[in-house]
């Protein structure tokens, strides 16, 4: 079993290490590109829940990230219906159905210049449990490890505004969208290790985007997050798990007509994360706050601001 665990970890590490780390819609976690998973609610068979995310951006910045009269403030709010179902001991299916509320205002006046509400791109994923191991260490402490690998598809259910693409052709970002009208694919690996009540959760997702019918292709995206957590068990009825860690996202520039790079796209960002998960019986409540540690988005023409996420889930 120990050889299987080591081999599985090495395979996942090699897979992640060989994903291209080239350097903005997806990369800053906004608009049509945010599929952050983090620590899943505790469940044995299935769960369903609601998740809310809010992300803010500054776009159309001048050189060196300086605000100008044409700079905009963008807010992306997304309510997601999400859930997962385990089949037997090793298989899991997951779905995310987002509904977005996007707002954009220009300059310091706060004059609203755009608003879009509607269904986003639905995601369906399947996972396979490579191993789930529990053992006692030489110091008589319980050590638990698990590794899931999976793949998924993002369906073109969200509305796509071609006027935003026309602006992108003139040098503007193409992130103020509800969907991409492209069918995209994802591969994912999630590793969790816990010694007694202290643990580490590592999640990596690589999203492979295809060209849409308007000859626009959002760049492929890599997302990696690592969260350290500690579980407090209160009278075997309530579990409180504070967590903290980092989230890293990177992608190259978007491409038009399979040959032209979109100037205000691509880049990388690192976010610090602090959150908490609470389980009371079948109910899970959680949330986290994310703040930029470092970033270089669209060559400094886009700036990501603080984000937060909260959820409530029911296991059954």
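The values are calculated or read from the model by the stated rules, or taken from the named source; none is laboratory data. Everything quoted here is computed from the prediction, not taken from an experiment. Using ideal geometry, Cβ is built from the backbone for each residue, glycine included, and neighbour counts are taken over all protein chains shown.
When residues in segment 198-224 are screened for being over 19 Å from residue 252 (Cα atoms) and touching a strand residue (DSSP E or B) at 6+ places or on another chain (Cβ under 6 Å), 6 of them pass.
Of the residues in segment 69-82, at least one is modelled with pLDDT under 85, loosely packed, with under 14 Cβ neighbours inside 10 Å and more than 15 Å from the chain's Cα centre (by Cα). If you go through segment 301-316 and keep only what is more than 16 Å from the chain's Cα centre (by Cα) and buried (at least 16 other Cβ atoms within 10 Å of the Cβ), you end up with 301, 302, 303, 313, 314, 315.
Per this entry, residue 291 is not counted among residues that are in contact with a strand residue (DSSP E or B) (Cβ under 6 Å, 6 or more places away or on another chain), at pLDDT below 95 and assigned to a strand (DSSP E or B). The requirement of being crowded, with 18+ Cβ neighbours inside 10 Å and either touching a strand residue (DSSP E or B) at 6+ places or on another chain (Cβ under 9 Å) or closer than 30 Å to residue 102 by Cα (or both) is fulfilled nowhere in segment 131-141; no residue meets it. Scan segment 119-129 and give yes if some residue there is on the phi > 0 side of the Ramachandran plot and in a strand (DSSP E or B), otherwise no. Checked segment 119-129: no residue is on the phi > 0 side of the Ramachandran plot and in a strand (DSSP E or B).
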